[in-house]
Amino acid sequence: MTPLQSLVATGTKLWLDSVDPVEIATNRANGATGATSNPIIISDLLLTGRFDDEIQTLLKAGHDDSAIAWAMTDKLVKQAQDVFAGVSKETGCNDGWVSFELDPLIEDNARNLPVAERTKLYIELGKKWAAGHTNRLIKVPATPGGLAALEELVAAGVNLNVTLIFSERQYNAARDATWRGMQRLPNLNSVKTVYSIFVSRLDVYTEKHCPDLIPAAQGQVGIVNAKYIWKLNNEFWAGKGTKLQQEMIFASTGTKKPTDAAWKYVAAFAGSDIETNPPGTNKAVQASGQTFTKQIDQLPPKEVLDDIAKKVDMKKLEETLMSEGLSKFADPQHALLKTIAQKRAAMK
């Protein structure tokens, strides 16, 4: 049994943080059963030149840069969906999903759209890009505008990946909104929601802002926070009667510190729900020789938990990470549009 096979054997759904067709094929063979996408991934793929023919065709058809960006995103996500369609069918839609991120420019600070306008756009675009797809999750950020859109999207039958979650507060707001939406449906059998809790960014934050944490607690905040929320999620959905599992995604699982093992977060969350790992992380895991066991329900010693509870202000952490995240949230989409503009110039 390979390391990734042992991870899947614990009960983890292994998803790939990429829609690169080559990486999708490799990781599917290694046990991956889903994937996710974002503008950085799409831009990096287009920069390889492997999709120049498709871009050329779209250029000749008269599409502008934004239209090309979304056409290529849709195409690459759909190709990944096709790979995992069998998984979706075999699991009754509990797995085999691919996430499609809505326009990050909705949160562009330069546009400064009112929250109500952001919500309206998330609802319109969510319905548009979900239409006709059976294994596509629409990715909406846990911002004020995004959170306010969740109930309506679920009530319209849209399957969701609520992303950019750092805190219990954000998770509770997202979960409650999706549950309200589900209760407006004819039955509870049709909608899948997942909640992407970011992990490694929290440990980057505490190293900078909470240097007085005891050594055993430093580097554990992201893990502890995500495990607390995972437990809350299990408790909330138990007995709700939903046909599909409403799950956590453990995201941002690539380590940021060179001294950390590449599989630090992979190992910590083994045993339940979903991990979306970057291709590099999966390669490192596969080469590690590790055999993974269920750890998702295991917490550090009490002294570590007490130290984190005493010294980490989660409200401040959320505010800081959301501010940092949103200040750069639109940048990847701008970069994607710039990539296409450069392709356009080169193809004249």
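Here are the numbers:
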quantity	calculated
Per-region count, segment 253-264, residues under 15 Å from the mean Cα position of the chain (by Cα) and modelled with pLDDT of 95 or more	0
Matching entry among GLY92, GLY86, GLY31, GLY62 (being closer than 29 Å to ASP273 by Cβ, without any contact (Cβ under 8 Å) to a residue 60 or more places away in the chain and assigned to a loop (DSSP other than H, G, I, E, B))	GLY31
Matching residues, segment 228-254, being part of a loop (DSSP other than H, G, I, E, B) and open to solvent by less than 40 Å² (accessible area, probe 1.4 Å)	THR242, LEU244, GLN246, SER252, THR253, GLY254
Complete set of residues in segment 288-347 that are in contact with a Ser or Thr (Cβ under 6 Å, 6 or more places away or on another chain), of a type in the set (Val, Ile, Thr) and assigned to a helix (DSSP H, G or I)	THR339
Candidate set from segment 309-348 (those that are among the basic types (Lys, Arg), over 19 Å from the mean Cα position of the chain (by Cα) and within 26 Å of ARG118 (Cα to Cα)); member that is least open to solvent (accessible area, probe 1.4 Å)	LYS316
Residues (open to solvent by 40 Å² or more (accessible area, probe 1.4 Å) and acidic (Asp, Glu)) located in segment 292-308	ASP297, GLU303, ASP306
Checklist (1) in contact with a strand residue (DSSP E or B) (Cβ under 9 Å, 6 or more places away or on another chain); (2) among the hydrophobic types (A, V, I, L, M, F, W, C); (3) over 18 Å from SER167 (Cβ atoms); (4) open to solvent by 20 Å² or more (accessible area, probe 1.4 Å) applied to ALA267, failing item	(1)
Segment 208-227 - residue that is surrounded by fewer than 19 Cβ atoms within 10 Å (Cβ to Cβ) and among the charged types (D, E, K, R) and, of those, nearest to LYS311 (Cα to Cα)	ASP212
Tally, over segment 30-42, of residues that are open to solvent by less than 10 Å² (accessible area, probe 1.4 Å) and among the hydroxyl-bearing types (Ser, Thr, Tyr)	2
Test: residue in segment 261-268 that is closer than 24 Å to PRO21 by Cβ and either in contact with a Gly (Cβ under 6 Å, 6 or more places away or on another chain) or in a helix (DSSP H, G or I) (or both)	yes
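The values are calculated or read from the model by the stated rules, or taken from the named source; none is laboratory data. Here the structure is a predicted model, which is why all the values come from computation and not from measurement. Reconstructed Cβ throughout: ideal geometry from the backbone, glycine too, with neighbour counts over all protein chains shown. Heavy atoms of the whole protein, side chains included, go into the accessibility calculation; ligands, DNA and RNA do not. Shrake-Rupley method; radii C 1.70, N 1.55, O 1.52, S 1.80 Å.
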